[in-house]
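The values are calculated or read from the model by the stated rules, or taken from the named source; none is laboratory data. Every value quoted in this text rests on a predicted model; they were computed, and no experiment measured them. Heads up, the Cβs are rebuilt from the backbone with ideal geometry, glycines too, and the neighbour counts pull from every protein chain shown. The area values use the complete protein model at the heavy-atom level, side chains included, leaving out ligands, DNA and RNA. Shrake-Rupley method; radii C 1.70, N 1.55, O 1.52, S 1.80 Å.
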Amino acid sequence: MRRDRLLVAVTLVTLLAADIHFILLPRLRTCYQLPRESCSCTDSSLENGAAATVPWTTSQNMTERGSKLERLFRHPLYNIRLPELGPEERLLQEDELMNNCKRKVSRWERLKKIYIEAAAASNITIPDHPVTFDPEASWLQFHLGISRYALYSGDDSSIDRLLRDMQTAPVISADFTQDQKALKGACDCSQVLDFRRVPPVTGRFINVTGEILYITHNEELRSVFFTSPANNTCFFAKCLYVCKSEYAVCGHPDLLEGSMSAYLPGLSIAPRISIPNPWIRAYSFTGTEEWEVNPLYCDNVKKLYPYNSGNRLLNIIDMAIFDFLTGNMDRHHYEVFTKFGDDGFLLHLDNARGFGRPSRDVVSILAPLTQCCMIKRSTLFRLKLLAQSEYRLSDVMRASLSRDPLTPVLTEDHLQALDRRLDQVLRTVGKCVKKLGEPPVVITDFVESSRVTTSNR
């Protein structure tokens, strides 16, 4: 009987100790902000599909995952020191951007009066949101941070503020993008892995009636809205391909989950060009592209401008790895800022086809890597880092997305697919090294961090 009592007592003490260690102590640390061995970090693990400040939580698993993300962004490979940015390395100068923004605000105020008068004549009420010029606005600071190397730096504090603003700021107008207008032949000349080549994006619930239909001044955009038999507000896209009302998107009855992407600077002050991807798909059931049937296709690409010098081909391979990890087969074009010429980074725009079927790994997306057998050393090092259990890609991605308003953004199957595809990328690089040796495959490309030493490199 005494032994039974002793066993019960030991069991209770053990449970109490576990409860204090795993539940009570983390809560006390959170409430009283007790010091920890690591600091809060803000960023995302894979090209800012969504970025967030990773919280310490009462869950042991989430605490472990959060610390993985924090350790990842303290790692020297995520603290690469870039050259000092002079005027030629920055996309925009402050005076140029501020003057452009002031003109836009003035123009909007003039047009708003016209819109309100026209709406009143048709018995339509348009919300009158005041617009003021704020030189400290998060989106202006984001635009000022764009450089030759990336859309923003890893320590840019304005990005976290920009994401919060995109989640909560009132919507004052809705229209087609400038790219969509260009497809229709219109031109508005008054006017958007640590690559940091995708504009910051955050999830948000959108009221498609109040925040799009009722505030747009574009009649063509209004024309694609309708009310479904279930009394939901729906809309469909107009495009050159299979955009029909049968493929409409509907609110419930008005609310819809969506993603808010930060606009790039206007084309009048930051022109950019769209370039066909050398590994573009045929987009037909019968046709094929040369790269699909010619294993030596990359040799031909290497002879063509601008892939015959500089980093353009290596940047294409970076983009292919990013697309393979996300499962995006729709990379038909890429864009570059014209100011930076052939040496600028590639903008990874239009990622809507990513994260489709997690069970399907489309190896052909990796064709630039498999056919060219080249990869940046910095990219390879980061991929190897994300394959380690301490920094596992699925874990840091899960933690990065945990504070998005629409969390969970990805399913567990999608997260596990990231790890599986990452392993496949590393195996592909390994085969190239085995076949050709390391020097022609792994290309040195970056300026080392002051924290990188011979031992940890």
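Here the range 327-342 is the region considered, the condition is being hydrophobic (A, V, I, L, M, F, W, C) and outside any strand (DSSP E or B), and the residue that is least open to solvent (accessible area, probe 1.4 Å) is Phe340.
Against the numbered list (1) modelled with pLDDT under 85; (2) assigned to a strand (DSSP E or B), Ser274 comes up short only at (1). Name the single residue, out of those in the range 129-173 being of a type in the set (Phe, Trp, Tyr) and closer than 27 Å to Phe345 by Cα, that is surrounded by the most Cβ atoms within 10 Å (Cβ to Cβ). Per the criteria, the residue is Tyr152. Is at least one residue of the range 385-395 at pLDDT 90 or above and in contact with a Ser or Thr (Cβ under 7 Å, 6 or more places away or on another chain)? Yes; the residues of the range 385-395 include at least one that is at pLDDT 90 or above and in contact with a Ser or Thr (Cβ under 7 Å, 6 or more places away or on another chain). Those helices (runs of 4 or more DSSP H) of the range 106-208 in which at least 2 residues are at pLDDT 85 or above and hydrophobic (A, V, I, L, M, F, W, C), considering only elements entirely within it, cover 138-144, 158-168.
In the range 266-291, the residue that is most open to solvent (accessible area, probe 1.4 Å) out of those that are more than 25 Å from Asp343 (Cα to Cα) and charged (D, E, K, R) is Glu290.
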